[in-house]
Every structure is written in structure tokens, then in C-alpha cells.
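Contents: one structure, followed by commentary.
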Amino acid sequence: MSANQASLPDELVALLRTKPSLAVLTGAGMSAESGVPTFREALSGLWSRYQPEELATPEAFSANPQRVWDWYQWRRELVVNAEPNVGHRAVCRQERSFPDFHLVTQNTDGMHQRAGSQEVIELHGNIHRDICSRERIPVTLDENDPDHPPACPDCGAHLRPDVVWFGEALPSDALSAAHGIAQACRVMLVIGTSSLVYPAAGLPYTARSHGATVVEINPQPTPLSDEADYRLEQSAGTGLPALVDAVLSTADGGDAQ
Ligand code: BV8
């Protein structure tokens with residue numbers, strides 16, 4: 001048993017060994033160990049002079065489409081050159097081992113899918129897809145990495161990343177699925193999120209109010225920390241694999257997958 005496993009609460013491991021209905025909610029911290037900056041870190045360096053509202057909003061895009069497009073091109077490049085990490089792969093192991101498993105992510109980087117997760121509910125869209133900024137229809141770019149926002153072939157308006165900006169509604173099908181999952185799950189793992197952005201940040205509270213056990217995996221405290229039933233003050237790449245190993249290990253009664 002590793003040192004990380006030794007520090008896990010026995011009752012949490014025992015509960016997870018019963019293979020209850022399991023929901024996993026992830027944020028940008030899930031991809032931090034892949035070298036992808038978290039959302040707040042993505043406002044660092046040459047982007048540090050901007051607040052999220054100056055880049056991740058429809059107003060910011062209409063005021064300066066080039067600047068917003070450049071920010072996303074910079075982020076896309078980082079993601080394309082990064083690899084899923086051991087934390088993403090631990091989520092895939094859970095998906096294979098738990099009969100009733102759901103993954104809900106706030107991340108737009110597509111890393112869960114690249115790691116092999118089969119069903120991913122993306123609350124905030126996906127940075128690798130583009131849509132028309134006027135018609136909001138998906139558009140596949142024929143040129144690679146244009147250094148300016150391309151024009152929609154249908155109406156000529158700028159294309160934009162297919163992500164949910166501040167002040168925009170989340171995709172209704174994804175949000176209602178996520179609410180249903182939060183109400184029905186027996187355990188919710190909340191991994192690598194600052195728990196600041198709503199309505200996603202409300203999901204663990206919904207789960208808790210419906211009787212779920214909420215576990216936070218984050219090296220830093222968040223507004224959720226005091227509400228969570230368990231806090232693993234570890235990174236996604238350390239805490240989650242240790243928990244999955246402890247639950248699925250054969251040595252003491254688990255069934256490794
Ligand atoms: C909406 C896509 C309404 C873009 C993002 C109450 C209810 C509803 C809305 C609101 C509300 N109160 C306020 C609002 C408005 C707003 C909001 O929540 N504002 C906040 C700032 C107060 N919400 C909205 O505008 C939402 N829209 O509600 O619309 C509506 C309804 C109908 C019709 C019209 C409108 C839209 C919110 C979505 C915004 N888009 N992303 C893009 O990616 O560019 S959100 C953005 O923040 C990220 O994508 C991410 O999804 C989200 C949260 O960030 P995190 O993932 O948590 O990342 P962060 O950097 O913050 O933190 C990283 C964490 O990881 C840290 O805790 C760190 O400790 C930890 N960490 C670091 N390393 C590791 C680690 N953890 C583990 N392991 C590690 N190695």
C-alpha cells in the first residue's frame with residue numbers, strides 16, 4: 001500500500017468498494033499535471049493584464065475578436081502539445097469499474113476524451129471546435145490554425161471557439177443531464193476546481209442535498225471545502241490514482257480493473 005493510499009479515510013474506501021452510483025466533476029486542475037495552465041493561470045504571462053471577463057465573454061469578442069482569438073489559439077496550442085495525465089487515466093479506470101458512473105467536466109480541453117473516457121458531459125464546450133459567432137452553427141475549418149478569426153462560410157460573421165463564455169447559457173442538455181446526475185449519485189468526487197463558477201459549482205451542493213457523499217480532491221481550499229464530507233488535499237495526479245488503487249486493489253478485497 002502506498003503512503004498516499006495509507007492516508008485515505010478507511011470509510012471512504014469501504015464506501016467506494018460497494019461500487020455506488022459515482023459522479024466525477026472536474027475542473028482545470030485535472031489537466032494541470034499535463035502542463036495545461038488552469039483557467040486562472042491561462043490569464044498569466046502576456047495575458048496577465050486581462051481579467052477573465054475581458055477575454056472569455058461575448059462582449060470581449062465583439063470588441064476585439066483578434067485578441068480573444070489569439071488567446072484561444074495560444075491555449076489550443078498548449079493543449080494539442082500536452083498529454084493526458086495519470087489522473088485522467090484514473091477516471092477512465094473508474095468508468096470501466098463502476099456500473100453507474102458519470103463524468104461531468106467544466107474543462108474545454110478535451111483531455112478526458114483523449115485519455116479514453118467514453119462518456120464526457122462538457123458543461124462549458126470544447127476549445128477544439130469552432131462555431132459561427134452569429135448563427136452558432138458548428139464550422140469545420142479547412143485551414144489549420146488561422147492567425148485571425150476566420151469568416152463563417154455561410155454568413156460571413158467571425159468564427160469563435162465553441163465554449164461557454166461568462167454571461168452565456170450552458171448547453172441545456174449538458175446542464176440538465178448534470179443536474180440529474182447530481183441528484184441521483186451516491187458519491188460525487190469534485191476534482192481540480194476552484195468551485196467559483198456557477199451553475200457548475202452548484203452541482204456538489206445539489207448532490208449533497210440529495211444525500212450524496214461529496215469528496216474534494218484539490219491541493220488548495222475552495223468554497224466547497226467546508227461542505228465536503230472528505231477533502232484529499234492532494235493533486236489530481238496523486239490523490240485520485242491512490243484512491244482508485246485502494247478501491248480496486250485485489251490485495252485486500254478489491255477487484256482490480
Ligand atoms: C451563466 C469556458 C446565465 C471558457 C468558462 C449563479 C448562477 C448562475 C450564474 C452565475 C451565478 N453567479 C455568477 C454567475 C455568472 C457566472 C459566474 O459564475 N461567475 C463567477 C466568476 C462568479 N457564470 C456564468 O456566466 C455562466 N453562465 O450562468 O449564464 C444565463 C442563463 C440563461 C441565459 C443567459 C445566461 C457561464 C460560466 C462559464 C464560463 N466559462 N470556461 C474558457 O475556457 O475560456 S469557466 C472557467 O472557469 C473554466 O473553463 C472553468 O470551467 C471554470 C472554473 O475554473 P476551474 O476549472 O475551477 O479552474 P480554476 O483555474 O478556477 O481553478 C483551478 C483549481 O484547480 C484550483 O482550485 C486549484 O487549486 C486546483 N488545482 C491546481 N492544480 C491542481 C489542482 N487540483 C488538482 N490537481 C492539481 N494538480
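The values are calculated or read from the model by the stated rules, or taken from the named source; none is laboratory data. Small disclaimer: the values here were computed from a predicted structure and weren't measured. No Cβ is skipped: glycine too gets one built from the backbone with ideal geometry, and neighbour counts run over all protein chains shown. Ligands, DNA and RNA are excluded from the accessible area calculation, which covers all protein heavy atoms including side chains. Shrake-Rupley method; radii C 1.70, N 1.55, O 1.52, S 1.80 Å.
In table form, for the structure just shown:
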{"quantity": "Cβ pairs under 6 Å, 6+ apart, first in region 191-209 and on the phi > 0 side of the Ramachandran plot, second open to solvent by 10 Å² or more (accessible area, probe 1.4 Å) and near the ligand (Cβ under 7 Å from one of its atoms)", "calculated": "Gly192/Gly29; Ser195/Thr222"}
{"quantity": "Residue identified as within 15 Å of the ligand (Cβ to nearest atom) and either among the charged types (D, E, K, R) or at pLDDT 95 or above (or both) among Val164, Val187", "calculated": "Val164"}
{"quantity": "Tally, over region 190-218, of residues that are assigned to a loop (DSSP other than H, G, I, E, B) and either near the ligand (Cβ under 6 Å from one of its atoms) or farther than 28 Å from Gly35 by Cβ (or both)", "calculated": "11"}
{"quantity": "Selection from region 2-22 of residues that are assigned to a loop (DSSP other than H, G, I, E, B), out of contact with any strand residue (DSSP E or B) (no Cβ under 8 Å at 6 or more places or on another chain), of a type outside the set (Lys, Arg) and at pLDDT 95 or above", "calculated": "Thr18"}
{"quantity": "Region 23-45 - residue that is part of a loop (DSSP other than H, G, I, E, B) and open to solvent by less than 40 Å² (accessible area, probe 1.4 Å) and, of those, farthest from the ligand (Cβ to nearest atom)", "calculated": "Val36"}
{"quantity": "Sole exception among (1) within 21 Å of Ala246 (Cβ to Cβ); (2) outside any helix (DSSP H, G or I) for Gly87, by number", "calculated": "(2)"}
{"quantity": "The listed residue being of a type in the set (A, V, I, L, M) and open to solvent by less than 10 Å² (accessible area, probe 1.4 Å), out of Leu175, Leu141, Leu123, Leu170", "calculated": "Leu123"}
{"quantity": "Total residues in region 46-56, condition modelled with pLDDT under 85 and either within 24 Å of Asp100 (Cα to Cα) or assigned to a helix (DSSP H, G or I) (or both)", "calculated": "4"}
{"quantity": "Residue within region 145-155 that is under 15 Å from the mean Cα position of the chain (by Cα) and under 19 Å from Tyr72 (Cα atoms) present", "calculated": "no"}
{"quantity": "Residue tally, condition of a type in the set (S, T, N, Q), within 15 Å of the ligand (Cβ to nearest atom) and within 29 Å of Ala23 (Cα to Cα), over region 110-140", "calculated": "1"}
{"quantity": "Cβ pairs under 9 Å, 6+ apart, first in region 136-161 and in a strand (DSSP E or B), second among the hydroxyl-bearing types (Ser, Thr, Tyr)", "calculated": "His158/Ser62; His158/Ser133; Leu159/Ser133; Arg160/Tyr72; Arg160/Ser133; Pro161/Tyr72; Pro161/Thr108"}
{"quantity": "Candidates Arg75, Arg93, Arg89, Arg67, filtered to the one that is surrounded by 14 or more Cβ atoms within 10 Å (Cβ to Cβ), basic (Lys, Arg) and within 11 Å of the ligand (Cβ to nearest atom)", "calculated": "Arg75"}
{"quantity": "Only listed residue being at pLDDT below 95 and either under 23 Å from Ile121 (Cβ atoms) or open to solvent by 10 Å² or more (accessible area, probe 1.4 Å) (or both), chosen from Thr222, Thr250", "calculated": "Thr250"}
{"quantity": "Cβ-Cβ under 6 Å pairs, at least 6 apart or on other chains, region 62-82 side over 17 Å from Arg129 (Cβ atoms), far side assigned to a helix (DSSP H, G or I)", "calculated": "Ala82/Ser34"}
